[in-house]
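See structure below.
The values are calculated or read from the model by the stated rules, or taken from the named source; none is laboratory data. The structure presented is a predicted model; accordingly, all values stated were derived computationally and were not measured. Virtual Cβ from ideal backbone geometry, glycine too; neighbours counted across all protein chains shown. Surface areas here come from the heavy atoms of the whole protein model, side chains and all, with no ligands, DNA or RNA. Shrake-Rupley method; radii C 1.70, N 1.55, O 1.52, S 1.80 Å.
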Amino acid sequence: QDLQQTPQYRVNLKAGEYNQRFSLVFSNTEITDPASITKNLFVTSRSGNDLLVKVNLPYNTGGNLLVTNMSGQIVLQRTVFGSETIQINPNVNAGVYVITVRSATRAQSEKLLMRLNYE
């Protein structure tokens, strides 16, 4: 919804959990394809104690991956391309991390709890 055209917005939902129901995008230009804006730049998964980040950038497009701990210390920083999968250092301690992927036009961050198999 273009808030300049229609500044009021209301949604009525029944009680319950609604995951990923809402996106708020600020743009100086008209968004012609809203689905492309809300598409995830990455997804995470685990393999044993390894954290995998599957980057989802357009073909032959680069971006930056940044992983930080809750103290703001950089655990990993690197350039990523297209749809590559990055393995985060298997020696990363258990804890909470913030994963951020930035493309030329967007950024996405997620907070992640990393637990080791024996925890």
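General remarks:
- Pair list, Cβ under 9 Å, 6 or more apart: the stretch 70-85 residue closer than 13 Å to Thr100 by Cβ, other residue at pLDDT below 90 and part of a loop (DSSP other than H, G, I, E, B): Val75/Asn89; Val75/Val92; Leu76/Asn89; Leu76/Val92; Val80/Leu57
- Listed by first and then second residue, the pairs with beta-carbon distance under 7 Å, at least 6 apart or on different chains, first residue in the stretch 1-16 and within 16 Å of Ser27 (Cβ to Cβ), second open to solvent by 100 Å² or more (accessible area, probe 1.4 Å) and among the aromatic types (Phe, Trp, Tyr), are Gln1/Tyr9.
- Residue identified as under 30 Å from Asp2 (Cα atoms) and either of a type in the set (Phe, Trp, Tyr) or at pLDDT below 85 (or both) among Thr61, Thr105, Thr100: Thr105
- Of residues in the stretch 77-97 being open to solvent by less than 40 Å² (accessible area, probe 1.4 Å) and part of a strand (DSSP E or B), the one modelled with the highest pLDDT: Val80
- Condition met for Val67 (modelled with pLDDT of 80 or more and in contact with an Asp or Glu (Cβ under 6 Å, 6 or more places away or on another chain)): no
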